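Okay, structure first, notes after.
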Amino acid sequence: MNGKQLWGSILQQAVSGKLVEQIDSEPAVDQIGTAPAPEEVPFEIPEKWQWVPLANVCTYIQRGKSPKYSEIKQLPVVAQKCNQWDGLHMESALFIDPATIPSYKPERFLQSNDVLLNSTGTGTLGRVGLYNPAVNPYDQAVADGHVTVIRADQRMILPPFVKYVLTSTAFQTIILAAGSGTTKQQELALSKVKQLVIPLPPLAEQRRIVAKLEELKPLVERFGEAHDELVKLEAEFPRSLKAYVLQYAVSGQLVPQLDTEPAVEQIGSAPAPEEVPFEIPEKWQWVPLANVCTYIQRGKSPKYSEIKQLPVVAQKCNQWDGLHMESALFIDPATIPSYKPERFLQSNDVLLNSTGTGTLGRVGLYNPAVNPYDQAVADGHVTVIRADQRMILPPFVKYVLTSTAFQTIILAAGSGTTKQQELALSKVKQLVIPLPPLAEQRRIVAKLNEILADVEKMERLTSASQ
């Protein structure tokens with residue numbers, strides 16, 4: 001239960017007489033109006049309470065008046081946009097033409113604790129507030145024709161109690177159902193407002209109910225904030241866990257080092273310690289990516305065709321959750337001979353999106369099993385990285401480039417405009433990556449596959465529970 005649901009439950013308890021105790025010494029409500037039949041009321045109420053038409057416990061119920069507006073800031077008009085669930089926002093108010101003020105009868109000027117009910121518009125219909133002069137920097141205010149003003153007879157009913165009744169889930173349902181008109185412009189007729197049959201407790205009990213609700217409201221708000229933060233943490237936890245595990249893996253802390261395994265032979269010049277993003281075990285080595293690959297090349301800008309023969313892997317195909325070949329376009333078959341053999345994707349080629357803010361840095365592995373066609377090529381926005389599997393495993397390259405440290409490096413290496421970041425091919429080749437012994441790579445990849453499968457299950461469960 002989130003904060004909104006908890007508050008809704010508490011409100012319903014309050015307006016049905018279950019929030020505060022009934023006191024035997026308090027008299028029952030005097031008969032006010034005709035009691036409706038039991039099947040006509042939305043819920044049961046205590047014996048001392050009574051169902052009454054709203055009009056019977058109010059001195060004034062009236063729609064506001066459609067104003068003639070003016071730039072002169074003298075008399076503000078409370079419109080629907082001013083009357084929000086979190087209170088009255090007078091900064092949103094427009095102003096009436098001062099020349100029209102004499103046409104407003106005295107009762108049309110808002111009084112402290114007038115209940116304001118938004119009465120038109122899908123998404124705004126049913127919002128309830130209390131007029132508080134303290135939030136109005138002007139002497140007076142009026143309502144416009146989309147807001148109904150409900151002035152409680154405080155000898156019988158408290159304005160905050162009216163507000164809480166109309167805010168409750170049961171009455172919000174009744175109000176919305178009573179609206180008529182088009183989907184976009186629902187309208188709650190004034191007669192429907194006056195005829196609303198509401199529960200009426202003894203006045204002393206109303207005071208206790210309102211006091212208890214005012215006491216509970218800040219507690220529920222704090223609960224709601226804590227609940228929302230917990231939901232956010234739960235949603236973020238699998239992603240954070242994945243990032244943590246990946247970083248642990250590519251820095252040599254996920255699986256044990258085995259003394260029987262030889263160290264990596266020297267491949268290329270080792271960078272200075274201050275040039276590397278994190279420490280690695282002694283048996284590992286920092287190497288330029290180009291030194292452990294047989295092929296690193298941007299794809300080729302294709303000439304497209306409606307003939308579905310040879311698909312082109314573009315950035316939109318290369319997503320974090322895998323390769324989506326259903327998004328691929330196709331090249332003109334006449335241009336196929338212009339593609340050298342190495343440009344045709346091979347199983348386990350690492351695919352790195354190399355342009356575009358929001359797409360730059362996405363990493364995937366080419367899997368022929370997800371391609372319903374015999375072959376595929378990459379377009380000019382995707383860099384193909386073909387690992388030399390005598391030295392490095394393609395999944396290990398993918399995991400290194402996916403890690404938080406290398407995603408940061410890749411994004412920082414991009415150049416160009418904000419909307420069209422570009423990762424130069426030379427920058428990809430010069431990336432200095434950690435290289436463990438081959439046997440240790442296998443253990444790291446196996447362990448990561450196992451852990452990340454569990455993390456993905458956790459993500460699905462978290463998404464399903466929200």
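Ranked by accessible surface with a 1.4 Å probe, highest first, in what order do Glu456, Glu275, Glu44 come?
Details: Glu456 90, Glu275 130, Glu44 160 Å².
If we order Glu456, Glu275, Glu44 from most to least accessible, we get Glu44, Glu275, Glu456.
Express in nm, to one decimal, how much length is gained between Ser305 and Ala446 on full extension, taking 0.36 nm for each residue of separation and deducting their alpha carbon distance.
Details: separation 141, 0.36 × 141 = 50.76 nm, distance 4.05 nm.
Using 0.36 nm per residue and subtracting the Cα-Cα distance, I get 46.7 nm.
Can you give me the angle between helix 404-413 and the longest principal axis of the chain, using Cα atoms only, in degrees from 0 to 90, rounded to the nearest 10?
Relative to the chain, helix 404-413 is tipped by roughly 80 degrees.
Report the label-to-label distance for Thr260 and Gln74 in nanometres (one decimal), using points 7 Å from each Cα along the Cα→Cβ vector.
The answer from the label model is 9.6 nm.
When the Debye formula is applied to the Cα atoms of segment 10-54, each taken as the same point scatterer, what base-10 log of I(q)/I(0) results at q = 0.17, 0.18, 0.21, 0.34 Å⁻¹?
The calculated log intensity ratios at q = 0.17, 0.18, 0.21, 0.34 Å⁻¹ are -0.54, -0.60, -0.81, -1.28.
Report, in deg cm²/dmol and to the nearest 500, the calculated mean residue ellipticity at 222 nm for the chain, where each DSSP H run with n ≥ 4 adds -39500 (n - 2.57) and the sum is divided by the residue count.
Details: 9 runs with 139 residues, N = 466.
Rounded to the nearest 500, the figure is -10000 deg cm²/dmol.
HN-Hα J couplings of segment 160-169 from phi, Karplus 6.51/-1.76/1.60, θ = phi - 60°, integer Hz, Gly and Pro as x?
x, 5, 4, 4, 5, 4, 5, 7, 4, 4
So what is the relative contact order of segment 84-129, in percent, for Cα pairs below 8 Å that sit 6 or more residues apart? All intermediate terms of the calculation are to be shown ahead of the outcome.
Numbers: 24 pairs, mean separation 20.8, N = 46.
Contact order relative to length: 45 percent.
Per residue Cα convex hull volume for segment 169-320, in cubic angstrom?
Details: hull volume 52.9 nm³, N = 152.
Here the figure is 348 Å³ per residue.
By how many degrees, between 0 and 90 and to the nearest 10, does the Cα long axis of helix 438-465 differ from the longest principal axis of the chain?
So the helix axis and the longest Cα principal axis differ by about 20 degrees.
In whole Å, what is the distance between the alpha-carbon centres of segment 386-434 and segment 100-132?
60 Å
Enumerate the amide H contacts of Trp286 below 5 Å, restricted to partners 5 or more residues apart or on another chain; note that Pro and chain-start residues carry no placed amide H.
Correct list: Leu435.
Taking a point 7 angstrom from the Cα of Gln140 along the C-beta vector, which residues in segment 66-109 have backbone N less than 14 Å away?
Answer for segment 66-109: 74-78, 96-109.
Can you put Thr355, Thr59 in order of accessible area, largest first, using a 1.4 Å probe?
Details: Thr355 0, Thr59 90 Å².
If we order Thr355, Thr59 from most to least accessible, we get Thr59, Thr355.
Taking just the alpha-carbon atoms of segment 294-426, what radius of gyration and Dmax come out, in angstrom?
14.3, 43
By a straight-distance test (C-alpha under 28 Å), which lysines pair with Lys427 as possible cross-link partners, with residues fewer than eight away in the same chain excluded?
Hits, sequence-local ones excluded: Lys242, Lys283, Lys300, Lys303, Lys316, Lys340, Lys398, Lys419.
Would you please state which residues of segment 376-410 a label at Val370 would reach in this model, taking the label point 7 Å out along Cα→Cβ and a backbone N cut-off of under 12 Å?
Counting only backbone N, you get no residues.
What is the pair-distance distribution P(r) of segment 242-325, computed from all Cα-Cα distances in 5 Å bins starting at 0, with each bin given as a whole percent?
2, 9, 13, 15, 16, 13, 11, 9, 6, 4, 1, 0
Could you tell me what percent of the accessible area of segment 235-287 is made up of carbon and sulfur, with a 1.4 Å probe and every protein chain present? Write down the numbers at each step before the final one.
Values: 1820 of 3350 Å².
Carbon with sulfur: 54 percent of the solvent-accessible area.
If each of Lys232 and Glu214 carries a label point 7 Å out from its Cα toward its Cβ, how far apart are those two points in nm?
Spacing of the two 7 Å Cα→Cβ label points: 3.1 nm.
Dividing the convex hull volume of the Cα atoms of segment 350-437 by its residue count, what figure in Å³ per residue is obtained? Write out the running numbers ahead of the final one.
Working: hull volume 9.9 nm³, N = 88.
Cα convex hull per residue, to the nearest whole number: 112 Å³.
Please state, to two decimals, what the Cα-based radius of gyration of the chain comes to when divided by 2.2 N^0.38 Å (N = residues).
Cα Rg divided by the expected 2.2 N^0.38 Å: 1.51.
Provide the per residue accessible area, probe 1.4 Å, for the chain, rounded to a whole number of square angstrom. Numbers along the way, then the final one.
Working: 23850 Å² over 466 residues.
Computed with neighbouring chains in place, this is 51 Å² per residue.
Starting from one equal scatterer on each C-alpha and no solvent at all, send me the Debye-based log10 I(q)/I(0) for segment 173-243 at q = 0.12, 0.23 Å⁻¹, two decimals.
Relative scattering, expressed as log10 I(q)/I(0), comes to -0.72, -0.95.
Just how far, in whole angstrom, is segment 221-266 from segment 280-303 if you go by their alpha carbon centroids?
Each part reduced to its Cα centre gives a spacing of 25 Å.
Taking the 0 to 90 degree range and rounding to the nearest ten, how far is the long axis of helix 3-15 tilted relative to the main principal axis of the chain, both from C-alpha atoms?
Once rounded, one gets 20 degrees.
How many nm is it between the label spots at Lys457 and Lys81, if each spot is 7 Å from the Cα in line with the beta carbon?
In this crude spin-label approximation the distance works out to 5.1 nm.
Just by accessible area at a 1.4 angstrom probe, what is the order of Val77, Val276 from largest to smallest?
Working: Val77 5, Val276 35 Å².
In descending accessible area the options line up as Val276, Val77.
The values are calculated or read from the model by the stated rules, or taken from the named source; none is laboratory data. Just so it is clear, the structure is predicted and the values come from calculations on it, not from any experiment. Methodologically, a virtual Cβ is constructed for each residue, glycine included, from the backbone with ideal geometry; neighbour enumeration extends over all protein chains shown. To get the accessible areas, we keep the full protein, side chains included, count just its heavy atoms, and leave off ligands, DNA and RNA. Shrake-Rupley method; radii C 1.70, N 1.55, O 1.52, S 1.80 Å.
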